[in-house]
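Trainee: Shown below is the structure under consideration.
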Amino acid sequence: MSHYTPKVGFVSLGCPKALVDSERILTQLRSEGYEIAAEYDGADVVVVNTCGFLDSAKEESLSAIKEAMTENGKVIVTGCLGANEGEILDVAPDVLAITGPQQYEAVVGAVHEAAPQPHDPFTHLVPLAGLKLTPRHYSYLKISEGCNHSCRFCIIPSMRGKLASRPVRAVLREAEKLVEAGTRELLVISQDTSAYGLDRKFAAEDWKGRPVRAHMTDLCNALGDLDVWVRLHYVYPYPHVDEVIPLMAEGRVLPYLDIPFQHASPRVLKAMRRPANEARVLERLAKWREIVPEMVVRSTFIVGFPGETEEDFTYLLDWLREARLDRVGCFKYEAVAGAAANALPDPVPEAVKQERWERFMAVSQEISAEKLRARVGLEMAVLVDEVTDGGAVGRTYADAPEIDGRVNLPGADFLNPGDMVMAHITDADAYDLTGTVVPEETDAGDNGDGDDGWDW
């Protein structure tokens with residue numbers, strides 16, 4: 001006897017942490033027999049996972065909700081913007097349900113009410129690694145929720161709560177399943193990766209029976225046993241981060257750190273309620289680079305924070321030139337409803353923010369271009385992300401997906417996404433590299449001398 005299978009449309013907005021939330025919701029729904037609809041028209045209900053961090057992100061989320069209501073009419077809203085029902089109801093008073101971030105059961109329950117579907121364990125099967133919204137060869141591994149910091153420009157603690165680390169056993173089990181399902185790169189994410197486990201005392205055993213604390217160093221060491229790239233994001237430079245650097249030198253973790261510095265001027269950092277020892281950071285960067293010369297550091301900064309003077313901004317540029325960060329992003333400060341920074345005096349005019357942003361990006365581009373030119377002539381491992389008729393596009397260890405640069409491989413349309421190849425770098429610009437694939441005489445992934453091809 002046949003029966004109708006309800007279909008769920010899904011819109012996922014925001015950061016990689018929200019993307020992981022979307023994957024969990026979709027995995028649960030798929031395990032219960034729901035199909036995922038590619039279009040609004042084919043969906044019995046639409047879930048919109050929103051972002052509410054910046055006003056521009058709120059506008060994008062509200063626009064997506066209105067579009068889903070117009071095109072379908074049966075909409076469930078979840079995610080960070082869900083913490084503020086009033087804004088959602090103002091533009092879409094007839095949404096079926098509103099839930100906040102991480103409320104997976106509430107979202108699934110709302111779908112049950114909107115489009116009931118009895119579970120059939122004999123016909124509804126989901127891969128052990130769950131459903132993914134990223135390509136098969138890389139996966140985000142979220143190790144904790146929330147944050148204990150009180151930065152004046154941020155409202156994430158009020159939306160996602162205080163730090164809540166996942167049990168280390170659950171993190172390791174998920175990592176293993178992802179690798180078994182084809183993942184070749186794990187991107188470790190949280191709101192504060194360095195703080196993992198500081199809120200509680202989890203412990204487990206890894207694949208070799210060794211004890212593993214819920215601690216950044218132990219977790220990185222355990223993940224290093226897997227035959228994948230392990231990339232660390234959102235790392236605050238706590239003292240114990242020094243313990244991870246030797247793991248990079250050993251090749252257990254990629255020599256890549258994503259550290260959200262936000263600014264360098266002590267006065268601005270104090271106003272932001274951020275750590276303000278920028279000189280100490282420069283010393284540590286130098287020491288890390290002594291241990292791992294190939295280390296890549298990326299960061300994000302905010303210009304135009306209330307009270308930022310031209311002197312503060314010049315200090316930031318000078319610090320950036322000395323720090324010589326490899327990958328840099330910059331945002332013009334935006335007021336966020338509910339943020340403590342809104343009460344600060346001396347807002348920076350929009351025209352000044354724009355001018356400072358342009359100057360900042362010009363300096364960061366000069367540094368990036370110089371560093372990338374130094375790679376011309378090298379052979380580097382490249383993880384292929386995309387293949388077209390004209391060639392392939394991939395990334396080196398120095399490039400996180402979607403936020404950093406890429407390696408263009410003209411004529412390499414014989415490759416497949418997820419392939420790991422060695423490439424001879426032939427050209428560079430401010431952000432990207434160009435190269436040619438180095439032919440292999442032995443099986444893929446082995447260059448004939450016992451090397452597995454995962455060197456940077």
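Trainee: How large is ³J(HN,Hα) for each residue in the stretch 231-236, as worked out from phi by the Karplus curve 6.51 cos²θ - 1.76 cosθ + 1.60 (θ = phi - 60°), to whole Hz, x for Gly and Pro?
Mentor: 10, 9, 10, 6, 9, 7
Trainee: Enter the accessible area per residue of the chain (Å², integer; probe 1.4 Å; all protein chains in place).
Mentor: 44 Å²
Trainee: Can you list the cysteines of the chain that have no other Cys Cβ under 4.7 Å away?
Mentor: Cys15, Cys51, Cys80, Cys147, Cys220, Cys330, each lacking another Cys Cβ under 4.7 Å.
Trainee: What is the sum of charges around Arg160, taking Lys and Arg as +1, Asp and Glu as -1, for the other residues whose C-beta is under 14 Å from the C-beta of Arg160?
Mentor: Combined, the nearby Lys, Arg, Asp and Glu give 0.
Trainee: Work out how much length Arg289 to Val363 would gain on full extension: take 0.36 nm times their residue separation and subtract the Cα-Cα distance, in nm to one decimal.
Mentor: Between Arg289 and Val363, full extension yields an extra 24.5 nm.
Trainee: Which FRET efficiency value, to the nearest 0.05, do you get for Asp199 and Glu243 by plugging their Cβ-Cβ distance into 1/(1 + (r/R0)^6) with R0 = 25 Å?
Mentor: So the FRET efficiency works out to roughly 0.85.
Trainee: Work out the count of Lys pairs in the stretch 7-114 where the Cα-Cα distance is under 18 Å, with the pair 8 or more places apart or on different chains.
Mentor: Qualifying lysine pairs in the stretch 7-114: 4.
Trainee: How long is the gain from Tyr4 to Ser150 if the chain were fully straight, where each residue apart is worth 0.36 nm and the alpha carbon distance is subtracted?
Mentor: Net length gain for the segment: 47.7 nm.
Trainee: Which sequence of Tyr196, Tyr431, Tyr40 reflects their accessible areas, 1.4 Å probe, from the largest down?
Mentor: The ordering from most to least exposed comes out as Tyr431, Tyr40, Tyr196.
Trainee: Ok, one more. Using a 1.4 Å probe and counting only protein heavy atoms, arrange Ile189, Ile98 so the residue with the most accessible area comes first.
Mentor: Ile98, Ile189
Trainee: Direction-averaged shadow area of the convex hull around the Cα atoms of the stretch 46-89, nm²?
Mentor: 2.6 nm²
Trainee: Need one word for the chain: rounded, prolate or oblate. Basis is the Cα gyration tensor (sqrt eigenvalues a ≥ b ≥ c); a/c below 1.5 gives rounded, then a/b vs b/c decides.
Mentor: oblate
Trainee: OK, next. Given a 1.4 angstrom probe, I'd like the percentage of the accessible area of the chain that is carbon and sulfur, rounded to a whole number.
Mentor: Accessible surface attributable to carbon and sulfur in the chain totals 52 percent.
Trainee: Would you rank Tyr34, Tyr4 by solvent-accessible area, highest first, keeping every protein chain in place and using a 1.4 Å probe?
Mentor: I get Tyr4, Tyr34, largest accessible area first.
Trainee: Okay, next question. Determine how large the accessible area of Met159 is when every protein chain is in place; take a 1.4 Å probe and give Å² rounded to the nearest 10.
Mentor: 30 Å²
Trainee: Run a plain Debye calculation on the stretch 138-374 (Cα atoms as equal point scatterers, no solvent) and give log10 I(q)/I(0) at q = 0.14 Å⁻¹, rounded to two decimals, same order as the q list.
Mentor: -0.97
Trainee: I need two numbers for the stretch 378-437: Rg to one decimal and Dmax as a whole number, Cα atoms only, in Å.
Mentor: That works out to 10.0, 27 Å for Rg and Dmax.
Trainee: Which value, in Å² rounded to 10, gives the accessible area of Met69 with a 1.4 Å probe and all protein chains present?
Mentor: Using a 1.4 Å probe on the heavy atoms, I get roughly 40 Å².
Trainee: Seen from all sides and averaged, what is the projected area of the convex hull of the Cα atoms in the stretch 7-114, in nm²?
Mentor: Averaging across all directions leaves 5.7 nm² for the Cα convex hull.
The values are calculated or read from the model by the stated rules, or taken from the named source; none is laboratory data. Fair warning: this is a prediction, and the values are worked out from it, not measured in the lab. Note: ideal-geometry Cβ built from the backbone for every residue, glycine included; neighbour counts use all protein chains shown. Protein only, heavy atoms only, side chains kept; ligands, DNA and RNA dropped before computing areas. Shrake-Rupley method; radii C 1.70, N 1.55, O 1.52, S 1.80 Å.
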